[in-house]
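Written out below as structure tokens is the structure these notes cover.
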Amino acid sequence: MNGLYRPREGRIIAGVCAGLARRFGMAPWTVRLLALLSCLLPGPQFVVYLVLWVMLPSEDRHMASTH
């Protein structure tokens with residue numbers, strides 16, 4: 001399985017949804033739609049997105065750490 005990281009290409013805002021989609025074998029637009037729809041529910045979805053943005057390494061740092 002691939003690691004979880006924010007890819008260089010395919011980013012819309014920060015690459016969090018694209019990274020999650022790549023990790024779990026889904027289309028990026030599906031994950032983006034699910035993330036957007038989840039914001040309609042009560043809860044800390046936006047905060048989780050921001051935390052993932054900060055915590056997930058970019059593709060460059062991920063590839064450097066695996067070699």
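Taking Rg and Dmax of the Cα atoms in Å straight from the coordinates, which label in (i) 12.1, 41; (ii) 13.8, 43; (iii) 12.4, 39 is the correct one?
(i)
What is the list of residues in the range 9-47 whose amide nitrogen lies under 16 Å from a point 7 angstrom out from the Cα of residue 63, following Cα to Cβ?
Within reach of a label on residue 63, which here means backbone N under 16 Å from a point 7 Å along Cα→Cβ, the range 9-47 contributes 9-11, 19.
What accessible area, in Å² to the nearest ten, does a 1.4 Å probe give for residue 30?
Using a 1.4 Å probe on the heavy atoms, I get roughly 60 Å².
Give the accessible surface of the chain per residue, rounded to a whole number of Å², with probe radius 1.4 Å and ligands, DNA and RNA excluded.
Working: 4860 Å² over 67 residues.
Here the per-residue accessible area is 73 Å².
For the chain, set up a Gaussian network in which alpha carbons nearer than 10 Å are linked by springs, and say which option among 44, 28, 57 fluctuates the most.
Taking springs between Cα atoms under 10 Å, the residue moving most is 44.
Ignoring ligands, DNA and RNA, please state the percent of accessible area on the chain from carbon and sulfur, probe 1.4 Å.
Roughly 69 percent, rounded to a whole number.
How large is the helix-only mean residue ellipticity at 222 nm for the chain, computed as the sum of -39500 (n - 2.57) over DSSP H runs with n ≥ 4, divided by its residue count, in deg cm²/dmol to the nearest 500?
Roughly -17000 deg cm²/dmol at 222 nm, from the helical runs in the chain.
The values are calculated or read from the model by the stated rules, or taken from the named source; none is laboratory data. In this text the structure is predicted, and so the values were computed from the model without any measurement. Glycine also receives a Cβ, built like all others from the backbone with ideal geometry; neighbour counts cover every protein chain displayed. Note: areas computed on protein heavy atoms with side chains; ligands, DNA, RNA excluded. Shrake-Rupley method; radii C 1.70, N 1.55, O 1.52, S 1.80 Å.
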